[in-house]
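One structure is given below, encoded as structure tokens.
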Amino acid sequence: MKSVFNKILIIVICCIFFQYGISQNVGRDSLIVRDTLSSKLIPDSTFQDSIPKTYKLSPDAITSVIKYGAVDSNRTDIIHKEVHLYGSAYTDYETIKLRADYIVFNFNTSVVSAYRSRDSVYVPKELPSFVDGQTQAGFSSMQYNFKTKKALVQTLSTKESEFYLIGEKSKYIGKENDSIYHEDRFFNQNAIITTCNHPSPHFGIRTRKMKFIPDQIAVMGPSQLEIAGIPTPLILPFGFFPLIKGQSSGLIFPSDFPYDNNFGFGIRGVGYYFPINDYVDARITGDIWTRGSHAVRVQTNYKRRYKYTGNIELNYSNNILEDAKGVSNPQKSFGLRIAHNQDAKAHPYRSIGGSVNIETNRNRQRTNYDYQSITNNKLYSNFNFIYRWPESPFSLRAAFSHNQDNRTRIVNITLPDASLNMNTIQPFKRKNASGDPLWYENVSVSYRAGLKNFVKTTDTTLFTRATLENIETGLSHGTSISSNARVLKYFNLSPSMNYDEAYFLKTLEKSFDPTPVLDTIVTGIDAEGNPQTDIRVSKYGSVNQKLSRGLEVFRKFNTSISMNTQLFAIKQWKSGWLRGMRHIMKPSVSFNYARIRIKNTGNMWIPIPDLIKIPESTTTHFKPVLFLSHSMKSKCPSAIILSMYLKQNTEVAKIPWIKS
């Protein structure tokens, strides 16, 4: 609404002045005879003024085309120096649009007035309106003095930000009258501020006096909540509402003023909010306690339509507690939370998203007092990046996973967990095949590779050097080749081969020590009061462990070939309830060979006696080399397996017995 009435007056005065000047000329001489030949005179092309003319333009001169008029009629009053526009009067100038049933301008008082209707037979019509770009306002009547830049408006209705402001009687003072701030001001009497867009709001805050500055702020005195035109007992001593459009920064008021026996009095949630750009905002909040404890939270939200949305939160807290001797014991904790979601339409081949929720020293439980934060002891994270090469069988996946238990303080982190996969392809298959495929066309090949880092630590030592030293790293890759073909017309032959390799930087070597573990047990007390003891064997041997650093290679190879077919036997009868029987046999035979090899190690599994039971009991096996990542399970270094399988199935066809 800034400079609204100034623009209205400039438009109306320019439109009216032209009519007024013509009327003055007509009044002086009504017998002026127009020269009919003047339009046919040929201008003198030889005459040119050698001295160029200079013109002084008013700073308020109109620079664009003005469109104005009225549906009913226009009338010029020369005696009172007034111009009247009747019936849906309108004026358009650039982005300004003025609409009213009746508009009148008085040159003596320099006042322009706009009314809803001046007809003797009143017919309800829409309120006069003014539009200037995004600014819209409605009113029932208006008187504006373009010299003093002041106006009186009846039933002013305008929208500022998300609020609707309606005043029964309003006074406008232009910024030309404000020598300090140069701001337009509105003073409303018996006004209501609401978010309801109905002409008669269903609810709002009613006040006797209200002042507002367009696009800045609205301030009101004692006010009362009103619902459906009925005042409620809820009374406010004062109020102010920000009317800033678009992005704005501001103070965040505290959410709570708690008291704690350990921390004292506190202020929670006080901070500041500010937008970074059209897609990202940020807020910084904190907690302050009288006994020195404090916490800081940084939160940011971002969103791009049809691309991605998410938020990031960083937390830091320092709870200072005192022991019985009055010595301060600070307890610092950190927290990181990330949530990112990519729109399905953002990219056809690449996707990234997931959530991260990791903290140290029970950060959320120490800084929040809600039920969910205090009782939740399990934290999980899962963040993935996936890329698929177009027109290619390869795809890449990199992930971060984490799980945490606040009761045991154990944290398991896997970063990265990357894999490169090739979908099964048939490299020898013809593009334009005809007839039955040849045996080599069914050969299928696939490839896989992976990289994994894993660490198990506690939330108090998460960001320490010990965590980095305990990281377990492993790399693996493998390929598979398979095929199938029909031989001897009725048999299906399916050969296959798999090869896998794994590389490790750390291994845990185990060795068995057969020396029995003895334990002394007190069985009683003799007559002299001395204890009687008995030596027994608690364990028949022990397992020694040793962590070794260095590259270790694990290789696993297996191949197989299988053959199967189907045999059918059919018997049919022409009478009786049993009309047919079919017997199916599916015999198959397969051969498998597997070989496992470990660098610097002969056998993968070694039989040893059970460590708890006596040696004569059943035995178990253990790995002399325990891989800490990329586990590849197998119970023997090599194996040859020959298996035969027969499946039979009988089907009977009968007619249900139907009584006559």
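The values are calculated or read from the model by the stated rules, or taken from the named source; none is laboratory data. Values in this document were obtained by computation on a predicted structure and should not be read as measured data. All Cβ positions, even for glycine, are placed from backbone atoms using ideal geometry, and neighbour counts span all protein chains on display. The protein model used for the area step is the full one, side chains on, heavy atoms only, and it has no ligands, DNA or RNA in it. Shrake-Rupley method; radii C 1.70, N 1.55, O 1.52, S 1.80 Å.
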> Can you name the residue in the stretch 188-204 that is closer than 18 Å to Ser161 by Cα and open to solvent by 50 Å² or more (accessible area, probe 1.4 Å) and, of all such residues, is farthest from the chain's Cα centre (by Cα)?
Replying inline: Pro199
> Could you say whether any residue in the stretch 288-296 is over 30 Å from Phe394 (Cα atoms), out of contact with any helix residue (DSSP H, G or I) (no Cβ under 7 Å at 6 or more places or on another chain) and among the basic types (Lys, Arg)?
Replying inline: yes
> Are any of the residues in the stretch 301-321 modelled with pLDDT of 85 or more, open to solvent by less than 80 Å² (accessible area, probe 1.4 Å) and either among the charged types (D, E, K, R) or in contact with a Leu (Cβ under 6 Å, 6 or more places away or on another chain) (or both)?
Replying inline: yes
>> With the requirement that a residue be over 30 Å from Leu415 (Cβ atoms) and aliphatic (A, V, I, L, M), what does the stretch 458-501 give you?
In response: Ile481, Ala485, Val487, Leu488, Leu493, Met497
> Within the stretch 259-287, which residues are more than 30 Å from the chain's Cα centre (by Cα) and open to solvent by 30 Å² or more (accessible area, probe 1.4 Å)?
Replying inline: Tyr259, Asp260, Asn261, Asn262, Phe265
>> For the stretch 224-245, check the following and say yes or no: at least one residue is part of a strand (DSSP E or B), closer than 30 Å to Asp281 by Cα, touching a strand residue (DSSP E or B) at 6+ places or on another chain (Cβ under 9 Å) and open to solvent by 60 Å² or more (accessible area, probe 1.4 Å).
In response: yes
> Has the stretch 410-422 got at least one residue that is of a type in the set (A, V, I, L, M, F, W, C), in contact with a Lys or Arg (Cβ under 8 Å, 6 or more places away or on another chain) and within 30 Å of Ser542 (Cα to Cα)?
Replying inline: yes
